[in-house]
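Since the structure comes first, as structure tokens, the remarks are kept for the end.
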Amino acid sequence: MVAAAQTAAKAARVEAEWAVLDVDAIHSASFGMRFDLILAHNLLGYVRDPAGRLVAIAQLLAIDGQLSIVVGNRLAEPLRYALMRRDLKGALQTVETVVRTRLGETFGTEIGLTDMDEVNIWLERAGLRVETSLGVRCVNDYLVGADELKWSVEGYGDLLRLELALSESDPYRQIAPLLHVVARTPQR
């Protein structure tokens, strides 16, 4: 993924130095490094203390640096169960209980889930201010069995426009399967 990002950045004529750090060793691996941009996409759901890790990550940001995170949204679980898995009892159970984890489909491991309010608290504790918060895959994941629609040229364009329109709008952003938040360190 890093190689693909580097290739895309080079094609877009973005000059950058890259560093890949182990989130469990950030405190010892940083050696005073500071970054203008840190991407922590689909990372915090796999660590034990996401709020604490976020504080450590934020300490690596330069003044006016940006942090981009993507996390799994616990508020999307009832819809995921009902629409994707066709499990109405499971959907109801996720409404009646506070769901904090689920088995991830990609790696087959447990991932932590959160919501936008909790993410905002984490970022505030890390000394960051939220610039943008978006819902990701507001509709796409729920179009089960609609591959001909999603992957036709016209269908893909329509889906993309719909996703972009919903990604910034509540309540859709609040119930999207993934949450994307960009925060910045305050200027001193």
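Scanning the stretch 1-36 for residues that are aliphatic (A, V, I, L, M), farther than 23 Å from residue 73 by Cβ, touching a Leu at 6+ places or on another chain (Cβ under 9 Å) and not in a loop (DSSP other than H, G, I, E, B) gives 5, 26, 29.
Number of residues in the stretch 65-86 that are modelled with pLDDT under 95 and either on the phi > 0 side of the Ramachandran plot or surrounded by fewer than 17 Cβ atoms within 10 Å (Cβ to Cβ) (or both) equals 4. When residues in the stretch 99-127 are screened for being closer than 14 Å to residue 50 by Cβ and assigned to a strand (DSSP E or B), 6 of them pass. The set of residues from the stretch 164-180 being in contact (Cβ under 8 Å) with a residue 12 or more places away in the chain and part of a helix (DSSP H, G or I) comprises 166, 167, 173, 174, 175.
Residues of the stretch 164-180 that are more than 12 Å from residue 141 (Cβ to Cβ) and either polar (S, T, N, Q) or in contact with an Asp or Glu (Cβ under 6 Å, 6 or more places away or on another chain) (or both): 167, 169, 174.
Taking the numbered list (1) surrounded by 13 or more Cβ atoms within 10 Å (Cβ to Cβ); (2) assigned to a loop (DSSP other than H, G, I, E, B) in turn, residue 183 passes all entries but (2).
Of the residues making up the stretch 48-85, those that are farther than 17 Å from residue 35 by Cβ, free of Cβ contacts under 8 Å to residues at least 40 places away in the same chain and not in a helix (DSSP H, G or I) are 48, 49, 85.
Taking the listed residues 98, 70, the one that is within 15 Å of the chain's Cα centre (by Cα) and of a type in the set (Val, Ile, Thr) is 70, with no other qualifying.
Residue pairs whose Cβ atoms lie under 7 Å apart, separated by 6 or more positions or on different chains, with the first residue in the stretch 8-27 and under 15 Å from residue 59 (Cβ atoms) and at pLDDT 85 or above and the second hydrophobic (A, V, I, L, M, F, W, C) and surrounded by 10 or more Cβ atoms within 10 Å (Cβ to Cβ), do not occur.
Identify the residue in the stretch 133-156 that is in a loop (DSSP other than H, G, I, E, B) and within 23 Å of the chain's Cα centre (by Cα) and, among all such residues, is modelled with the lowest pLDDT.
Taking the stretch 133-156 as the starting set, the residues that turn out to be in a loop (DSSP other than H, G, I, E, B) are 137-139, 143-146, 152.
Now narrow it down to the ones that are within 23 Å of the chain's Cα centre (by Cα): 137-139, 143-144.
Details: 137: 94, 138: 95, 139: 92, 143: 86, 144: 78.
Only one residue tops the list, namely 144.
Tell me yes or no: at least one residue of the stretch 1-13 is in contact with a helix residue (DSSP H, G or I) (Cβ under 6 Å, 6 or more places away or on another chain), under 26 Å from residue 118 (Cβ atoms) and not aromatic (Phe, Trp, Tyr). Scanning the stretch 1-13 turns up no residue that is in contact with a helix residue (DSSP H, G or I) (Cβ under 6 Å, 6 or more places away or on another chain), under 26 Å from residue 118 (Cβ atoms) and not aromatic (Phe, Trp, Tyr). Taking residue 172, is it at pLDDT below 90, surrounded by 11 or more Cβ atoms within 10 Å (Cβ to Cβ) and not hydrophobic (A, V, I, L, M, F, W, C)? In short, no.
The values are calculated or read from the model by the stated rules, or taken from the named source; none is laboratory data. Just so we're clear, the structure is a prediction, and the values are computed from it rather than from any experiment. Virtual Cβ from ideal backbone geometry, glycine too; neighbours counted across all protein chains shown.
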